[in-house]
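Shown next, in structure tokens, is the structure this report addresses.
The values are calculated or read from the model by the stated rules, or taken from the named source; none is laboratory data. Predicted model only: the values in this text are computed from it and were never measured. Here the Cβ positions follow ideal geometry from the backbone for every residue, glycine too, while neighbour counts run over all protein chains shown. When the accessible area is computed, the model is the full protein with side chains, heavy atoms only, and any ligands, DNA or RNA have been set aside. Shrake-Rupley method; radii C 1.70, N 1.55, O 1.52, S 1.80 Å.
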Amino acid sequence: MTIPRSRPADVRASESPLVPGEFLLTMEDFRRIAAMLYADAGIHLPESKATLVYSRLAKRVRLLGLESFRSYCELVAAPDSGVDERQRMLAALTTNVTRFFREPHHFQHLKAKVLPPLLSAARQGKEIRIWSAGCSNGQEAYSIALTILELMPEAANYDVRILATDIDPNVVAEGRDGEYSNSVVDAVSPDLRKRWFTPVKGNGEMRWSVNDELRTLVTFRELNLIGNWPMRRKFNVIFCRNVVIYFDDGTQKKLWGRFLPLLAPGAVLYIGHSERLSGPAADRFESDGITTYRLKDGAST
């Protein structure tokens, strides 16, 4: 792969930098990056995020030995050489804010209203499928699994599985690895931590690794929510929280609609606290709690 080197003309002294810093980032550069992010991931990047773009990508510009964001844009846009770096750009610009049992009312609802009949069905031989869409580094998916194990410690022996997906391969790898710092696992109760995690000591820091029974319940996959979905089974529960806030209105409406054929009758959809269902799909759900929606009878097809 040939990396395009900056020429003096790239500096474009007559153009004002959008963000002060070591490398020139102009409005044109920002718009090119925003357009690629939208095309690849459906993420809308407003101009107010220019500082974020600079802070997250400047290290890549420096590492590649480039002198400006213009050269970086040329690299990631090149059809014959920019694929790997374009993926790195996408991963760098993806926001991964998560924690165990984030928005606890969802897990209280899951435990009290959703899981009991599903786990009873699992004991009768039925398959139970849950999707954590936009799983980040796995804390959401493992929180779901822990909630299941509280009610059914032997769940790994039944056909109960959680699919955890994210567009960023780095956080997917972290989730699959299943090892977290002591401060991160503080959000897990001592009883659950003692039963389902194993302490790991290394480099003077206490860390915790999910144990085999917890790990068995979760499968991690890289997935772009605006790309092709290989799943064919229907889900009883979908968590898609704090993901669509990065999409524009049209993309949000399309995504809600795409969930419909993958939902089993009476399935539950959990969304983020600042998100709302929109478009034609919104009429196919009924409220079942705070940012919690249940599929209406006959609405999945």
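Any idea of the accessible area per residue across the chain, 1.4 Å probe, to the nearest Å²?
Details: 14400 Å² over 301 residues.
On a per-residue basis, the chain sits at 48 Å².
What is the spin-label model distance, in nm, from Asn170 to Asp297 if the labels are put 7 Å beyond Cα along the C-beta direction?
The answer from the label model is 4.9 nm.
Over the heavy atoms of Arg99, what accessible area does a 1.4 Å probe trace out, to the nearest 10 Å²?
130 Å²
For a quick check: with amide H placed at 1.01 Å from N, whose amide H comes under 5 Å from Asp288's, ignoring anything fewer than 5 positions away on the same chain?
Answer set, sorted by chain and number: Tyr293, Arg294.
Ser132's amide H: which non-local residues (gap 5+, or another chain) put their own amide H closer than 5 Å, with H modeled 1.01 Å from N in plane and none for Pro or chain starts?
Leu163, Ala164, Thr165, Phe239
How large is ³J(HN,Hα), in whole Hz, for each residue of segment 255-266 in order, when computed from phi with the Karplus curve 6.51 cos²θ - 1.76 cosθ + 1.60 and θ = phi - 60°, using x for Gly and Pro?
For segment 255-266, the Karplus curve yields 5, 4, x, 5, 5, 3, x, 9, 9, 6, x, x Hz.
Assuming 0.36 nm per residue, please report the length gained on full extension of the stretch Thr198 to Thr216 beyond their Cα-Cα distance. Numbers along the way, then the final one.
Details: separation 18, 0.36 × 18 = 6.48 nm, distance 1.47 nm.
Net length gain for the segment: 5.0 nm.
Quick check: the distance between the Cα centres of segment 188-232 and segment 31-95, to the nearest angstrom?
Answer, in whole Å: 29.
Cα centroids of segment 114-148 and segment 164-186: how far apart, whole angstrom?
17 Å
So how do Lys234, Lys126 rank on accessible area, 1.4 Å probe, biggest first, that is with the largest at the start?
Lys126, Lys234
Compare Leu63, Leu146, Leu18 in a GNM of the chain, Cα atoms joined below 10 Å, and give the one with the largest fluctuation.
Leu63
A 26 angstrom limit on the alpha carbon distance is what I want to check against. Which of Lys59/Lys253; Lys111/Lys234; Lys113/Lys296; Lys111/Lys254; Lys126/Lys194 exceed it?
Details: Lys59/Lys253 35 Å; Lys111/Lys234 20 Å; Lys113/Lys296 16 Å; Lys111/Lys254 29 Å; Lys126/Lys194 30 Å.
Violating the 26 Å limit, Cα to Cα: Lys59/Lys253; Lys111/Lys254; Lys126/Lys194.
Between the helical axis of 27-41 and the dominant principal axis of the chain, each derived from Cα atoms, what acute angle in degrees is found, rounded to the nearest 10?
Tilt of helix 27-41: around 30 degrees.
Accessible area of segment 54-139 with a 1.4 Å probe: how many percent of it is carbon plus sulfur? Working shown, then result.
On the way: 1830 of 3690 Å².
Its accessible area is 50 percent carbon and sulfur atoms.
Could you run the Karplus curve 6.51 cos²θ - 1.76 cosθ + 1.60 with θ = phi - 60° over segment 235-246 and give me ³J(HN,Hα) per residue in whole Hz, x for Gly and Pro?
My calculation for segment 235-246 gives 9, 7, 8, 10, 9, 9, 10, 6, 10, 6, 4, 8 Hz in order.
Which order do you get for Lys201, Lys49 if you rank them by accessible area with a 1.4 Å probe, largest at the top? Display every interim value, and only then the final one.
Numbers: Lys201 170, Lys49 85 Å².
Descending order: Lys201, Lys49.
Taking a probe of 1.4 angstrom, what is the accessible area of Arg176 in Å², to the nearest 10?
120 Å²
How many times 2.2 N^0.38 Å is the alpha carbon radius of gyration of segment 210-258?
Values: Rg = 13.7 Å, N = 49, 2.2 N^0.38 = 9.7 Å.
Segment 210-258 yields a ratio of 1.42.
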